[in-house]
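Since the structure comes first, as structure tokens, the remarks are kept for the end.
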Amino acid sequence: MNILEFFDVMTIIPKSLDEIRIGVTIEETYTDDLMFTQFPVEKGAPITDHAYKSPPKVVIKCGWSNADYAALKASGAVSQFPQGSTTQSGYIDTVYSQLLALQASRRPFRAVTSRRNYDAMLLTSLSVTHNDKTSEALMLTATLQQLRIVETRATTLPPRDDQADPSRTAETQNVGSKQATPATPAPGGSVAPQ
């Protein structure tokens with residue numbers, strides 16, 4: 001990968017989780033699975049009846065820093081950069097709080113990655129790495145999965161008189177409760193009639 005491709009993939013395209021812009025993307029993993037039934041399929045049967053596409057999953061390793069432009073801008077230190085000034089130490093904590101709030105809201109959102117844009121995503125997992133090298137940074141792995149949203153509608157069937165075969169295609173009718181009665185086998189059966 002040449003340097004231009006690197007910058008295009010990692011920096012030029014603004015990546016975000018809902019309204020939260022990602023500071024730096026380290027790695028993105030996309031998973032698109034096709035699931036199918038494990039029982040035998042009759043020869044000649046449509047295979048699409050036995051296979052379905054799972055919702056896409058995305059794992060993003062990303063980070064934010066108290067030295068990000070957004071943090072410097074928020075603290076008013078942009079005009080003094082790069083002489084070294086105090087940054088808003090709560091910037092990464094604010095970003096982390098926003099991500100936790102996004103996850104807790106259970107609200108579908110739009111995710112923009114280097115390769116694809118995803119709608120109706122949910123933040124299923126946040127995994128934070130904190131050590132002596134990342135004390136002024138927020139390094140995390142976000143796992144997202146797309147939510148399938150469908151629309152249902154109620155409909156009515158045509159009147160029974162307009163149907164060619166009402167016994168098969170008519171609406172069900174409530175005919176009350178029925179009691180089971182013991183059956184008497186035909187003559188020559190295994191149980192003698194009483």
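The values are calculated or read from the model by the stated rules, or taken from the named source; none is laboratory data. What you are looking at is a predicted structure, and each value in this text was computed from that prediction instead of being measured. Every residue, glycine among them, receives a Cβ derived from its backbone with ideal geometry; neighbour counts consider all protein chains shown.
Can you tell me which residue is surrounded by the most Cβ atoms within 10 Å (Cβ to Cβ) among those in region 106-125 that are out of contact with any helix residue (DSSP H, G or I) (no Cβ under 6 Å at 6 or more places or on another chain) and among the hydrophobic types (A, V, I, L, M, F, W, C)? Applying the filter and picking the extreme gives A111.
Listed by first and then second residue, the pairs linking a residue in region 163-181 that is free of Cβ contacts under 8 Å to residues at least 12 places away in the same chain to a residue that is in a loop (DSSP other than H, G, I, E, B), with Cβ atoms under 8 Å apart and 6 or more places separating them unless they lie on different chains, are Q163/L157; Q163/A170. In this structure, L144 does not satisfy being part of a strand (DSSP E or B), closer than 17 Å to A71 by Cβ and of a type outside the set (K, R). Scoring M139 on the criteria (1) touching a residue at least 24 places away in the same chain (Cβ under 8 Å); (2) closer than 18 Å to D32 by Cα; (3) not β-branched (V, I, T) leaves a single failure, condition (2). Within region 113-124, one or more residues are at pLDDT 90 or above, more than 14 Å from S65 (Cα to Cα), of a type in the set (S, T, Y) and touching a Phe, Trp or Tyr at 6+ places or on another chain (Cβ under 8 Å). Filtering region 142-162 to residues that are among the basic types (K, R) and without any contact (Cβ under 8 Å) to a residue 12 or more places away in the chain leaves R153, R160. Against the condition of a type in the set (D, E, K, R) and in contact with a Lys or Arg (Cβ under 9 Å, 6 or more places away or on another chain), how does D119 come out, does it pass? So D119 passes the test. Counting the residues of region 66-112 that are within 15 Å of K15 (Cα to Cα) and modelled with pLDDT of 80 or more gives 7.
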